[in-house]
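Written out below as structure tokens is the structure these notes cover.
The values are calculated or read from the model by the stated rules, or taken from the named source; none is laboratory data. Values in this document were obtained by computation on a predicted structure and should not be read as measured data. Cβ placement follows ideal geometry from the backbone for every residue including glycine, while neighbour counts extend to all protein chains displayed.
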Amino acid sequence: MSKDLGIVVEGGGMRGIYAAGVLDEMLLRGIVADGLVGVSAGIIHGISYVSNQCGRNIRYTLKYRDNKRFMSMSSFFKTGNICETEFCYDEIPYKLSRFDFETFKERAEYIKTYSVVTSLETGKAEYIRLHDLETQMDAVRASASLPLISENVEYNGRFYLDGGTADSIPLGFMLEHGYKKNIVILTRPEGYVKKADSTFPLLKAKYKDYPAYVEACRNRHFMYNDELALVEHTEKAGDALVIRPSRSVKVGRAESKTDRIKRMYKLGRFDAKNIFDSGKYEDFIKDI
């Protein structure tokens with residue numbers, strides 16, 4: 001195991017199942033990094049990589065996607081969250097698709113794992129080091145709680161929402177923390193450029209008591225495109241191995257069609273397999 005290898009996992013709602021496919025391929029090949037940072041759906045899938053549970057995320061996603069408690073506007077109107085908190089962060093990991101908390105705790109000692117959240121007070125990203133998910137699951141939930149369709153999540157006395165608002169692709173964070181080589185898993189194909197959020201007027205109205213957060217929402221597309229530029233620059237320098245969808249798959253943020261979800265997952269497996277079979281990974285890590 002190298003001592004300078006990091007993994008950066010972008011979110012994207014149901015598009016994030018692509019990252020689950022990539023991470024499962026890495027688990028099957030015994031690729032163990034020194035650190036992982038995930039955003040929103042990225043950390044949801046990332047924690048199963050750290051707990052060494054290959055296939056867990058695609059299994060429960062396909063099994064429960066049609067359950068209204070998993071993700072639906074019905075859940076939003078009943079609970080204030082499009083993904084019901086009790087079902088997704090209690091019943092699934094503890095009963096229905098058990099998360100291996102002990103293995104996570106053991107492996108998180110040497111795979112430093114970070115959940116990116118956005119502070120409502122400051123509008124800035126915070127990076128919560130995960131050690132024990134039996135006590136820190138709210139740090140994961142906060143990262144994956146999308147504005148407008150989720151309640152604010154309290155963690156250690158402060159309120160947070162979706163980490164992607166302030167830092168969608170946290171490669172810069174990993175570089176600053178000594179991870180010289182990073183596998184960057186993106187959930188959009190090459191050439192994607194983010195545009196201004198059409199829901200900004202609603203965001204501005206709902207979060208008027210959090211002006212710094214509103215500004216982060218206003219500027220998110222600038223931040224995102226700047227981060228894509230950093231990924232490209234780092235890739236050209238030989239310090240980022242980028243794995244992204246090799247073709248466009250029609251998968252919405254709240255995709256309900258399980259055949260599309262399955263195709264996106266399989267594409268992640270396929271793209272990762274091609275990269276790892278090509279020898280690019282060995283060339284990438286040869287200097288660390």
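Descriptive notes on the structure:
- For S2, the criteria (1) surrounded by fewer than 22 Cβ atoms within 10 Å (Cβ to Cβ); (2) at pLDDT 95 or above; (3) of a type outside the set (F, W, Y) hold in every case but one, which is (2).
- Any chance Y265 is outside any loop (DSSP other than H, G, I, E, B), aromatic (F, W, Y) and either without any contact (Cβ under 8 Å) to a residue 60 or more places away in the chain or surrounded by 20 or more Cβ atoms within 10 Å (Cβ to Cβ) (or both): yes
- Out of V193, V153, one residue alone is β-branched (V, I, T), at pLDDT 95 or above and either loosely packed, with under 14 Cβ neighbours inside 10 Å or over 26 Å from K105 (Cβ atoms) (or both). It is V193.
- The residues of segment 180-191 that are within 18 Å of the chain's Cα centre (by Cα) and either without any contact (Cβ under 8 Å) to a residue 24 or more places away in the chain or assigned to a strand (DSSP E or B) (or both), listed by number, are N182, I183, V184, I185.
- Candidate set from segment 134-145 (those that are hydrophobic (A, V, I, L, M, F, W, C) and closer than 13 Å to T85 by Cβ); member that is surrounded by the fewest Cβ atoms within 10 Å (Cβ to Cβ): M137
- Among the residues making up segment 229-256, those that are under 30 Å from L148 (Cα atoms), surrounded by 14 or more Cβ atoms within 10 Å (Cβ to Cβ) and more than 17 Å from the chain's Cα centre (by Cα) are L230, V249.
- Hits in segment 44-87 (condition: over 16 Å from G268 (Cα atoms) and touching a Gly at 6+ places or on another chain (Cβ under 8 Å)): I47
- One residue alone among V22, V8 is in contact (Cβ under 8 Å) with a residue 40 or more places away in the chain, of a type in the set (A, V, I, L, M) and in a strand (DSSP E or B), and that residue is V8.
- Listed by position, the helices (runs of 4 or more DSSP H) contained in segment 34-108 that have at least 3 residues being at pLDDT 95 or above, over 21 Å from D132 (Cβ atoms) and not polar (S, T, N, Q) are 56-64, 73-79.
- Hits in segment 212-228 (condition: of a type outside the set (V, I, T), more than 19 Å from the chain's Cα centre (by Cα) and surrounded by 18 or more Cβ atoms within 10 Å (Cβ to Cβ)): Y213
- Residue pairs meeting the criteria (Cβ under 6 Å; at least 6 apart or on separate chains; first within 15 Å of K195 (Cα to Cα) and part of a helix (DSSP H, G or I), in segment 213-235; second polar (S, T, N, Q) and modelled with pLDDT under 95): none
- Residue within segment 58-70 that is among the polar types (S, T, N, Q) and over 16 Å from the mean Cα position of the chain (by Cα) present: yes
- Reported count of residues in segment 17-41, each being small (G, A, S) and either within 17 Å of L228 (Cβ to Cβ) or surrounded by fewer than 21 Cβ atoms within 10 Å (Cβ to Cβ) (or both), is 3.
- Test: residue in segment 120-131 that is under 13 Å from the mean Cα position of the chain (by Cα), under 26 Å from N225 (Cα atoms) and in a helix (DSSP H, G or I): no
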